[in-house]
Amino acid sequence: MNIAFFKLALVVAGSLLTGATAMADALTGPVTQQALNVPAIIMFLIFVGITLYITWWASKKTRSASDYYAAGGNITGFQNGLAISGDFMSAASFLGISALVFTSGYDGLIYSMGFLVGWPMIMFLIAERLRNLGRYTFADVASFRLSKRPVRTLSAFGSLAVVALYLIAQMVGAGKLIQLLFGLNYHIAVVVVGALMVCYVLFGGMLATTWVQMIKAAILLFGASFMALMVLIHVDFSLEGLFNEAVAVHANGASIMSPGGLVKDPISAISLGLALMFGTAGLPHILMRFFTVGNAKEARKSVFVATGFIGYFYILTFIIGFGAIILVSTNPAFQDSTGAIIGGNNMVAVHLANAVGGSIFLGFISAVAFATILAVVAGLALAGASAISHDLYAGVLKKDNADEKKEVRISKISVLVLGVVAIVLGIAFETQNVAFMVGLAFSIAASCNFPVLLLSMYWRRLTTRGAVIGGGLGLVTAIALMILGPTIWVQVLGHATPIYPYDYPALFSMAVAFIGIWLFSVTDHSAAAKRERDLFDAQFVRSQTGIGASGSVAH
Amino acid sequence: MSRLTHNDTQWRDIQRNASFQELVQKRSRFAMTLSIIMLGLYMAFILLIAFAPGVLGTPLASGMTTTWGILIGLGLILVAIALTGLYVRRANGEFDRLNARVLEEIKR
């Protein structure tokens, strides 16, 4: 395995599965700045132009807090589903998964599966109740019948931890990717991403953020479909033929058709599966999207549309990865003098674009990859700013009596601050290994946000004490086990053996959270706890029927 | 966000309403069944990878390159999409009609 393997930051998500060893080089390897890619830059500028126009249009429609946080509840189920799928179809999954399929074949499919199966669970357990109970953030739901201030504080910290980790990983990935694809300087790339992200959210709020995400999702789906189609034409639409050719030329031969070394032991496998499955249901920028639709019916539709597009996209990346094995790995034009893929294995999808569609299509795919990062960071920034303004400022500081205009202003200031922080951290972490960050973000989401959210909707006996202590324990356990595990303790801190032997904390940290919440709830005999339990029935009726739920706002 | 319903007693009427109880029972059972199917299939898949990866590496037929793993993997993706579709279909049809009936009965 050479150093170029996984040198892009984008594989952060890939780190979840590729295991710690492979990820050691993830972001430490040097990235060579490529020659200026003119068609890609032109197409990217067109994308930026269109999205800035949309932001200007959205800014005129964004007046109230509901407009700003939730696009007035006027997004349709289909649009929202497309936007949600856009949040998942990040540059990391497009380039990272196709690279994973390229290097290890079947393992890439296992990886994408974990991301997908979270969606049916969200549909069955969470979507409609979330929509019926909340307004702008998932903390609205978690704190519905509990004591607002402590629960909102915990939720806000859970959200901010997830957003910060995710954002740093994306910024570093963006910088490296743009250096490779566009031939732009790393610092310029990070500043451009940060500035555009702030622009979308600051002026256009959720409406602009959603449209940017939708447009990106549509062009990414188009580009990936075209590539997969060209690969299938090459093999006369025979999957068996595709696999045959791939096995014949791949260094690992037939072993690419079965599970490889991605998941080392059962505990890691289960832990990872849990983090991917339930972490999705605790990601603040995803949960926030459920409030952009008018009612539970549209919320359900959006999950179906999202699941369909995400599943379709993962099938495409699988075909693209195999296509790269037969069309890129065999073509000396895409290799350097040592036979390694130019720009590292994460570039195979980009090289494949060149192989099947020439330089114009290569430019198009490069521009799409850049657009993808922009759209994802914009959603993250909005979720982070909402946690600060809606949960911490309006909920905790002003006890839900904040002036709406002022709350939105606080949110916009937070976006600016987040933008600056993201740029600074993006530059500070340039040479650091941030590969573990997305994994940690999913683990925290699964161990803090998800248990509190789920039990607040399903378990009558949950009390504030249980939620705060249990959720807090889950958060701390996830972070502690991650630090003591192989990725950080051994690879980053340089100790000889990890104290916690597994790559992923979710199995244990989720158990700690659920047991903690249970224990500190059932032993809570305070008067407040009784009141909170009594409110369950009223909450239950609303969560089922939608009576009293915030609806769409007509303009 | 502290207002639970339009007024403080309405939810008690709804809770006692027969249509509401029917809705809750049907929907919860349906959601639970589908969740268990999805979770079970996925966990079975993960356990297969962890304990018996060879099974997934078996070719569909002798002489073929395509393995059971490919079929099962792609199948799981399609099952996930199909199950969500199934839920939406029933929830946006039957359950929403029941829900509308609950709201109608409460108004009277």
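What to note about this one:
- If the condition is being within 14 Å of B:L103 (Cβ to Cβ) and of a type in the set (S, T, Y), then segment B:14-42 contributes only B:S19.
- Yes/no for A:Q539 being out of contact with any Asp or Glu (no Cβ under 9 Å at 6 or more places or on another chain), within 14 Å of chain B (Cβ to nearest Cβ), in contact (Cβ under 8 Å) with a residue 40 or more places away in the chain and buried (at least 20 other Cβ atoms within 10 Å of the Cβ): yes
- Yes/no for A:G471 being within 30 Å of A:A71 (Cα to Cα) and either surrounded by fewer than 22 Cβ atoms within 10 Å (Cβ to Cβ) or away from chain B (no Cβ under 14 Å) (or both): yes
- The sole residue among B:T84, B:T67 that is at the interface with chain A (Cβ under 9 Å from one of its Cβ atoms) and either surrounded by fewer than 17 Cβ atoms within 10 Å (Cβ to Cβ) or more than 24 Å from the chain's Cα centre (by Cα) (or both) is B:T67.
Every residue, every condition in (1) assigned to a loop (DSSP other than H, G, I, E, B); (2) at pLDDT 90 or above; (3) more than 8 Å from every other protein chain (Cβ to nearest Cβ), yes or no:
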{"position": "A:L232", "(1), (2), (3)": "no, yes, yes"}
{"position": "A:F237", "(1), (2), (3)": "yes, yes, yes"}
{"position": "A:E240", "(1), (2), (3)": "no, yes, no"}
{"position": "A:A254", "(1), (2), (3)": "no, no, no"}
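- Flag: A:M197 matches the condition of being surrounded by 24 or more Cβ atoms within 10 Å (Cβ to Cβ), out of contact with any Ser or Thr (no Cβ under 6 Å at 6 or more places or on another chain), at pLDDT 90 or above and over 22 Å from A:I320 (Cα atoms).
- Boolean, B:L34 is hydrophobic (A, V, I, L, M, F, W, C), closer than 19 Å to A:R300 by Cα, facing another protein chain (nearest Cβ under 7 Å) and crowded, with 19+ Cβ neighbours inside 10 Å: yes
- Residue, surrounded by the most Cβ atoms within 10 Å (Cβ to Cβ), within segment A:117-141, restricted to residues that are within 7 Å of chain B (Cβ to nearest Cβ) and over 26 Å from B:L34 (Cα atoms): A:D140
- Residue match in segment A:269-279 (condition: surrounded by fewer than 24 Cβ atoms within 10 Å (Cβ to Cβ), out of contact with any Leu (no Cβ under 9 Å at 6 or more places or on another chain) and either of a type in the set (S, T, N, Q) or facing chain B (nearest Cβ under 9 Å) (or both)): no
- Residues of segment A:140-162 classified as among the aromatic types (F, W, Y) and in a helix (DSSP H, G or I), total: 1
- Taken over segment A:56-97, the criterion of being charged (D, E, K, R) and more than 27 Å from A:L109 (Cβ to Cβ) is satisfied by A:K60, A:K61, A:R63, A:D67.
- Given (1) under 30 Å from A:V192 (Cβ atoms); (2) surrounded by fewer than 24 Cβ atoms within 10 Å (Cβ to Cβ), number of the condition A:S147 does not satisfy: (1)
- Some residue of segment A:438-455 being in contact with an Asp or Glu (Cβ under 9 Å, 6 or more places away or on another chain), touching a residue at least 12 places away in the same chain (Cβ under 8 Å) and of a type outside the set (S, T, Y): yes
- Qualifying helices (runs of 4 or more DSSP H) (wholly inside segment A:442-555; at least 3 residues being within 24 Å of the chain's Cα centre (by Cα) and over 22 Å from A:M121 (Cα atoms)): A:464-484
- Residue check, A:S414 at pLDDT 95 or above, among the hydroxyl-bearing types (S, T, Y) and either closer than 25 Å to A:G134 by Cβ or surrounded by 18 or more Cβ atoms within 10 Å (Cβ to Cβ) (or both): yes
- Within this structure, A:L167 passes the test of being assigned to a helix (DSSP H, G or I), modelled with pLDDT of 90 or more and of a type outside the set (V, I, T).
- When segment B:39-57 is filtered for residues that are more than 8 Å from chain A (Cβ to nearest Cβ) and over 17 Å from the mean Cα position of the chain (by Cα), the ones remaining, listed by number, are B:A44, B:L48, B:A52, B:V55.
- Those residues of segment B:15-27 which are in contact with a helix residue (DSSP H, G or I) (Cβ under 9 Å, 6 or more places away or on another chain) and in a helix (DSSP H, G or I), in sequence order: B:Q15, B:A18, B:S19, B:F20, B:Q21, B:E22, B:L23, B:V24, B:K26, B:R27
- Inspection of segment A:293-308 identifies no residue that is free of Cβ contacts under 8 Å to residues at least 60 places away in the same chain and not in a helix (DSSP H, G or I).
- From the options B:Q21, B:Q25, B:Q15, residue that is facing another protein chain (nearest Cβ under 7 Å) and surrounded by fewer than 18 Cβ atoms within 10 Å (Cβ to Cβ): B:Q15
- Check on A:F144, within 7 Å of chain B (Cβ to nearest Cβ), touching a Ser or Thr at 6+ places or on another chain (Cβ under 7 Å) and of a type in the set (A, V, I, L, M, F, W, C): yes
- A single entry from A:D140, A:D107 fulfils the requirement of being of a type in the set (D, E, K, R) and farther than 30 Å from B:V24 by Cα: A:D107.
- The condition of being surrounded by 24 or more Cβ atoms within 10 Å (Cβ to Cβ), in contact with a Cys (Cβ under 6 Å, 6 or more places away or on another chain) and not charged (D, E, K, R) does not hold for A:G466.
- Being loosely packed, with under 13 Cβ neighbours inside 10 Å and at pLDDT 90 or above is a condition met by at least one residue of segment B:37-51.
- Within segment A:474-506, being hydrophobic (A, V, I, L, M, F, W, C) and buried (at least 22 other Cβ atoms within 10 Å of the Cβ) holds for A:L475, A:A478, A:L481, A:M482, A:A506.
The values are calculated or read from the model by the stated rules, or taken from the named source; none is laboratory data. The model shown is predicted, which means the values in this text are computed figures rather than measured ones. Every residue, glycine among them, receives a Cβ derived from its backbone with ideal geometry; neighbour counts consider all protein chains shown.
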